[in-house]
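The values are calculated or read from the model by the stated rules, or taken from the named source; none is laboratory data. Predicted model, so just to flag it, every value in this text is computed and none were measured. With ideal geometry, Cβ positions are generated from the backbone for all residues, glycine too; neighbour counts draw on all protein chains shown. Each accessible area value is taken on the protein alone, full model and side chains, heavy atoms only, with ligands, DNA and RNA left out. Shrake-Rupley method; radii C 1.70, N 1.55, O 1.52, S 1.80 Å.
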Amino acid sequence: MEHAAKVRTCLWFETGGIEAAHEYVKLVPNSRIDSVRENGQPNDPMIVEFTLAGAPMMILTAGPHHKLTPAASISVLTEDQDETDRLWNVLTANGGAPGHCAWLVDRFGVSWQIVPKRLPDLLASDDPAIVGRVTSAMMQMGKIDIAALEAAAAREEPHG
């Protein structure tokens with residue numbers, strides 16, 4: 001048997017793992033289902049291996065013994081506001097919930113971070129005042145607004 005990857009992230013689902021995997025690979029470009037193993041559960045396969053934008057993942061559908069928590073999340077670096085908005089809107093729809101500072105929980109209970117690439121770039125500034133203003137702006141956001149971050153970075157502070 002060919003395995004998708006030596007190392008992968010595994011998410012434990014009570015039920016619905018195959019549905020989630022199919023939704024995720026449709027949502028994120030360059031993603032695919034790699035293998036499905038029913039293990040006697042044809043309506044809700046036990047193991048689904050998939051690749052999410054090059055990152056190997058696995059969903060184990062194995063009952064109520066463990067619950068998903070924000071302690072593990074899927075983090076996606078987005079190219080621009082359009083991609084950020086698209087992912088945020090789809091993932092918070094149909095029972096998902098927005099969070100703070102780029103975090104959300106999808107309808108399956110999986111936590112995600114939808115982070116525009118510009119955010120870590122701004123937070124890596126050599127100017128501590130810019131980092132402080134960007135951090136402060138980010139802390140007020142759910143979905144990240146790149147234009148608002150840029151405005152915070154550009155704002156001049158009055159000199160005392």
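Computed quantities for the displayed model
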quantity: Verdict on Thr84 being over 19 Å from Glu19 (Cβ atoms), in a helix (DSSP H, G or I), among the polar types (S, T, N, Q) and touching a strand residue (DSSP E or B) at 6+ places or on another chain (Cβ under 6 Å); calculated: yes
quantity: Selection from the range 35-53 of residues that are modelled with pLDDT of 95 or more and open to solvent by 40 Å² or more (accessible area, probe 1.4 Å); calculated: Ala53
quantity: For Met58: the one exception among (1) of a type in the set (A, V, I, L, M); (2) closer than 22 Å to Ile18 by Cβ; (3) part of a helix (DSSP H, G or I); (4) open to solvent by 30 Å² or more (accessible area, probe 1.4 Å); calculated: (3)
quantity: Hits in the range 6-35 (condition: free of Cβ contacts under 8 Å to residues at least 60 places away in the same chain, in contact with a helix residue (DSSP H, G or I) (Cβ under 7 Å, 6 or more places away or on another chain) and not basic (Lys, Arg)); calculated: Ser31, Ile33
quantity: Which listed residue is open to solvent by 20 Å² or more (accessible area, probe 1.4 Å), in a loop (DSSP other than H, G, I, E, B), in contact (Cβ under 8 Å) with a residue 24 or more places away in the chain and within 23 Å of Thr135 (Cα to Cα), from His100, His66; calculated: His100
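Residues checked against (1) modelled with pLDDT under 95; (2) among the hydrophobic types (A, V, I, L, M, F, W, C); (3) in a helix (DSSP H, G or I); (4) closer than 24 Å to Arg86 by Cβ:
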position	(1), (2), (3), (4)
Ala129	no, yes, yes, no
Met138	no, yes, yes, yes
Met141	no, yes, no, yes
Ala147	no, yes, yes, yes
Ala151	no, yes, yes, yes
Glu156	yes, no, no, no
His159	yes, no, no, no
